[in-house]
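What follows is one structure encoded as C-alpha cells, with my remarks underneath.
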Number of protein chains: 2
Amino acid sequence: MGFHAAVRSRIDLPVEGAVLTMPDLPMTYERTNIEDLTPYTPGEQPRHVRMVKLNTNENPYPPAQAVLQAIAQVGGESLRRYPPPSADAFREAAAEAFNLSPEQIIATNGGDELLRMAITTFCLPRPPVGRGGADRGDMGGIAVAEPSYSLYPVLAAIHDTPVARISLCEDWSLPDDFARRVIDAGARLAIIVNPHAPSGHLEPWPKLEAIARQLVGHAVLMIDEAYVDFAVSDALPLLDASRGLDNVLLLRTLSKGYSLAGLRFGFGLGGPSLINALHKVRDSYNTDILAQTAATAALKHRDQARESWQRVMAERRRLGESLAARSWQVLPSESNFLLATPPAKAAAAAEIYQLLKQQGICVRYFDEDRLRDKLRITIGTPEQNDALLSALDAI
Amino acid sequence: MGFHAAVRSRIDLPVEGAVLTMPDLPMTYERTNIEDLTPYTPGEQPRHVRMVKLNTNENPYPPAQAVLQAIAQVGGESLRRYPPPSADAFREAAAEAFNLSPEQIIATNGGDELLRMAITTFCLPRPPVGRGGADRGDMGGIAVAEPSYSLYPVLAAIHDTPVARISLCEDWSLPDDFARRVIDAGARLAIIVNPHAPSGHLEPWPKLEAIARQLVGHAVLMIDEAYVDFAVSDALPLLDASRGLDNVLLLRTLSKGYSLAGLRFGFGLGGPSLINALHKVRDSYNTDILAQTAATAALKHRDQARESWQRVMAERRRLGESLAARSWQVLPSESNFLLATPPAKAAAAAEIYQLLKQQGICVRYFDEDRLRDKLRITIGTPEQNDALLSALDAI
C-alpha cells in the first residue's frame with residue numbers, strides 16, 4: 001500500500017509507491033511545497049514606542065474615536081456568542097458607503113485573507129510531479145506584475161500553483177500586452193496592486209477596464225486597492241453592472257486608510273457570482289465580533305478617516321518636495337509612501353537605511369531588482385517627517 | 001492555447017484543452033470543487049436576546065472580567081499598528097499554562113483556521129481528472145471518525161483532498177483498527193474530536209497514544225479538543241518529548257471553555273516541527289491585537305474560566321438526571337452538551353426540536369444517520385435548563 005509514500009524524507013526522492021526506509025533522516029509530514037517554502041517576511045515591528053516607524057505604511061494618525069467607542073460597547077454577552085458568520089452589519093455599511101449591494105461584498109480577516117481565498121477559489125494546484133503534471137504545463141495559476149507585494153507568490157506557493165511574473169514598464173505602469181500575457185500564461189487570477197506598491201504609481205481605471213475586458217472568460221482580475229484611500233481615483237466604476245465585467249474583484253482594507261492595521265479587517269468587492277464563490281471558501285466565522293463592530297463604525301464615520309487621508313496627502317507633497325530639494329529622485333505617489341532614490345553623491349540606499357535605523361528611524365529597503373538603489377518611506381506626521389529630513393541632513 | 005479551458009461552464013464537461021463555446025451558459029471562474037461545494041452550515045444564531053440558546057455549545061457564563069478589562073486597555077496606537085505576527089505574548093502565556101515551550105504553540109483565528117491550515121499543510125489536492133488522478137487513487141487526504149464535526153469534510157472539499165470516513169462503534173468509541181484504516185486509506189491527517197461531538201464521549205489518552213504511535217511515519221493525528229475544558233482528562237501527556245510522538249497535534253479554542261466564541265481564537269499544540277510547518281501556511285497576521293490581548297488575559301486568568309467549567313459540569317449532571325427521570329436516554333458526556341434520545345412514547349426528535357423552537361428554546365437537531373432520533377442540548381445556566389425541562393413537560 002506504500003505506507004511510507006504518504007510521508008517524505010527531507011531529501012527529495014521520487015516516492016512512486018516504493019517503501020522508503022531512511023531511519024537516519026528526520027521525517028516530515030508536510031507537503032513538499034510547504035517544506036520547500038520560504039515564508040513571507042513581514043516588515044519589522046519594533047516595539048519601542050520612541051522609534052519613528054516609517055517602514056510598514058501604517059497611517060500615522062489614530063483611528064476615529066467612534067471606532068474606539070464601538071469596541072468599548074462590545075460586552076461579555078457578545079463575546080460569549082458566535083459572531084454573525086458573514087459580518088452582515090458590516091456588509092450593509094459597506095454597501096451604503098460604496099453604493100453597492102451586500103451581495104457584492106465579503107468581509108475578511110485582513111486583506112491578506114482575501115488574497116489567499118482568491119487563490120484557493122480560482123487557481124489550480126499543480127498535479128504531483130511525474131503524475132500527469134507535464135501535460136498541464138504551467139497553467140491555472142496567478143499572474144502578477146513585477147515588482148509588487150511579495151506575499152502574492154508566497155500564497156501561490158502555499159497553494160502550489162504557478163506564478164507568471166510580468167515586468168512593469170520603466171515608469172512603473174502596466175505593459176500594454178498585460179492581459180495577453182496573463183492569458184498566454186494560462187493564469188486564472190491576475191493580481192494588480194493599484195496604487196502600485198512600492199512605487200505609488202496609479203493606473204487610471206479605464207486602463208484597468210480594458211485589461212479586465214480582455215480577461216473576461218479567461219481570468220479574474222483582482223485589483224488590490226490597499227492604498228486607494230490616498231489616491232485621486234479608484235476602480236469602483238468597473239463594478240457597475242452595465243459594464244458586464246463579471247471577473248473584477250477589488251480588495252480593500254481598513255489597515256491603512258482607517259488606521260486599523262492592528263484589527264485585521266479587509267473586504268472584497270465584486271460581482272455576486274465571484275463573491276458567492278469566495279464565501280464558500282471562507283472559514284465559517286472568519287471575522288470576530290470586535291473587528292466587525294469596529295469595522296462597521298469605521299465605515300459609518302469615514303469623515304474622520306478622510307481627514308487623515310488629506311493630512312497624509314499634504315505631507316506626501318511636502319516630504320516629496322523636501323527630498324527633491326535634497327537632490328533625491330522621488331516618484332509621483334498616489335499612496336501613503338514615497339519610493340525615493342538618494343542622489344549619486346550620497347551614501348547607497350542600503351547604507352542610508354542602516355544609518356537611519358541607528359538614529360531610531362525605520363524605513364523600508366528591498367534588496368531586489370529595480371529597488372536596490374531606493375528607499376520606501378511611509379508618510380508620517382509632520383514631526384516624524386521632519387525627524388527623517390533632519391536625520392538625512394545629518395548623514 | 002485553450003483559453004476557455006481556464007474557465008468552466010456550469011455543465012461538467014471535460015475540458016482537455018478544447019476551446020468550448022457555450023455563450024448561453026453563465027461562465028464561472030472558480031475551481032470545479034468549489035463550484036460543486038456544499039458549504040458548511042453554522043448553527044442558527046438567532047439575534048433575539050430572549051431566545052434560550054442551547055444549540056451551538058457556547059458557554060452560558062460571561063468571559064472573565066480580566067478579559068474585558070484587557071480589551072478596554074487596547075488603545076488607538078495599538079490598533080493603528082500591525083499586530084505581532086505570531087502572537088508571541090499569547091504563546092508565552094499558553095506555554096506557561098500548559099507547561100510547554102512557545103515553539104510548540106501556534107495561535108489561530110478560531111480553531112476552524114487551524115483545521116483548515118492542517119489540511120493545507122499535510123494533505124494532497126487531487127490531480128485534475130483524467131490527468132494522472134487514477135494512479136494516486138484516493139490517497140493523501142484526511143480520515144475522520146463518523147459521525148463528527150461536519151466542517152471537516154467541507155474543508156477537505158475546499159482543498160480538494162479525499163476523505164476517508166471511519167464509523168464509530170455503537171458506544172461512540174473509536175474502533176480498535178482505527179489507525180490501520182487511516183493508513184490503508186493513505187490519509188495524511190486523521191482528525192478525532194475528543195471529547196467527541198455530538199456524543200460527548202471521551203476517549204482516554206492512552207488509547208489515543210496507541211493510535212498516534214501506529215500512525216508515526218504515516219499520518220498526523222489531530223485531536224480536536226474544542227470541548228476538553230469540560231472533561232476529566234486531556235491529551236497533553238502525548239506531547240511529552242519522551243514519548244517520541246512527532247505526529248500529534250492538539251486543537252484548542254477559547255470559544256467554549258473561555259466564553260469567547262465571538263473572539264475567534266484558537267490554538268494548536270504540538271511538536272516544534274509540526275508547528276513550524278503550520279506557521280509557514282499561516283496568513284502573515286492571522287490574529288488581531290484585540291484578540292491576542294483578550295486571549296492572553298483569558299489564559300492568565302484561567303481560574304475564572306475554570307469556575308464556569310465546574311458550574312457547567314454540575315448542571316450537566318443535573319440536566320442529564322432530569323432528562324433520564326423523564327425516560328430520555330442520555331449519553332454520558334464529558335462535554336458542555338448532552339446527546340439525548342426522547343422516549344418512544346414522546347414525539348419524534350425532529351418534532352420536539354420544532355416545538356421547542358416555537359417556545360423560544362433552540363437546541364440542535366441533525367438529520368443524519370445515528371442522530372435523527374436524538375437532540376444535542378447545550379448545557380445552559382440553571383434557569384435556561386429549567387426552562388427547557390418545563391417546555392419538555394408541556395409538550
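Rounded if a/c is under 1.5, else prolate if a/b beats b/c, else oblate: with a ≥ b ≥ c from the C-alpha gyration tensor eigenvalues square-rooted, which is the range A:355-395?
Verdict is prolate for the range A:355-395.
Once the other residues with Cβ under 14 Å from the Cβ of A:Gln304 are scored (Lys, Arg +1; Asp, Glu -1), what is the net sum?
Residues near A:Gln304 contribute +2 overall.
What's the average, rounded to a whole number, of partner chain beta-carbon atoms within 10 Å of each residue's beta-carbon in A:239-251?
What the average comes to for A:239-251 is 1.
Sorting B:Lys53, B:Lys357 on the 10 Å Cβ count, fewest up front, what's the list?
B:Lys357, B:Lys53
Set the Förster radius R0 to 45 Å, insert the Cβ-Cβ distance between B:Glu77 and B:Thr41 as r into 1/(1 + (r/R0)^6), and round the FRET efficiency to 0.05.
Working from the Cβ atoms, E equals 0.65.
What ranking do B:284-293, B:375-384, B:92-101, A:326-335 get when scored by the average of other Cβ atoms within 10 Å per residue, highest first?
B:284-293, B:375-384, A:326-335, B:92-101
Using each residue's phi in the range B:340-346, evaluate 6.51 cos²θ - 1.76 cosθ + 1.60 at θ = phi - 60° and report the 3J(HN,Hα) Karplus result to the nearest Hz, with x for Gly and Pro.
Karplus-based 3J(HN,Hα) across the range B:340-346 equals 9, 10, x, x, 4, 6, 7 Hz.
Quick one: work out the % antiparallel among DSSP beta bridges in the protein assembly as shown, nearest 5.
Bridges in the protein assembly as shown are about 50 percent antiparallel.
What shape does the range B:165-286 have by the C-alpha gyration tensor, where a ≥ b ≥ c are the square roots of the eigenvalues, rounded means a/c under 1.5, and otherwise prolate means a/b greater than b/c and oblate the rest?
Oblate shape, in that a/c is at least 1.5 and b/c is the bigger or equal ratio.
Whole Å is fine, so just give me how far the alpha carbon centre of the range A:336-390 lies from that of the range A:158-193.
Here the two parts' Cα centres lie 28 Å apart.
Count the lysine pairs in chain B whose Cα atoms lie under 29 Å apart, taking only pairs 8 or more positions apart in sequence or on different chains.
15
Per-residue Cβ counts within 10 Å, from other chains only, averaged over A:264-277: what number is that?
2
Using 0.36 nm per residue, how much length does the chain from A:Asp176 to A:Arg213 gain when fully extended, once their Cα-Cα distance is taken away?
12.0 nm
Rank the residues B:Asp171, A:Asp184 as a footprinting-exposure proxy: fewest other Cβ atoms within 10 Å of their Cβ go first.
The fewest-first ordering by Cβ neighbours comes to B:Asp171, A:Asp184.
Near B:Ala164, within a Cβ-to-Cβ distance under 10 Å, what is the net charge of the other residues, with Lys and Arg +1 and Asp and Glu -1?
For residues surrounding B:Ala164, the net value is -1.
What is the set of long-range amide H partners of B:Val220 at a cut-off below 5 Å, with H atoms built 1.01 Å from backbone N?
Answer set, sorted by chain and number: B:Leu189, B:Ala190.
Based on other C-beta atoms within 10 Å, arrange A:Glu209, A:Glu351 from fewest to most.
Ascending number of Cβ neighbours within 10 Å: A:Glu351, A:Glu209.
Just so you know, all these numbers are worked out from the coordinates, no wet-lab data involved. Keep in mind it's a predicted model, so treat the numbers as computed, not measured. As a convention, Cβ positions derive from the backbone with ideal geometry for all residues, glycine included, and neighbour counts pool all protein chains shown.
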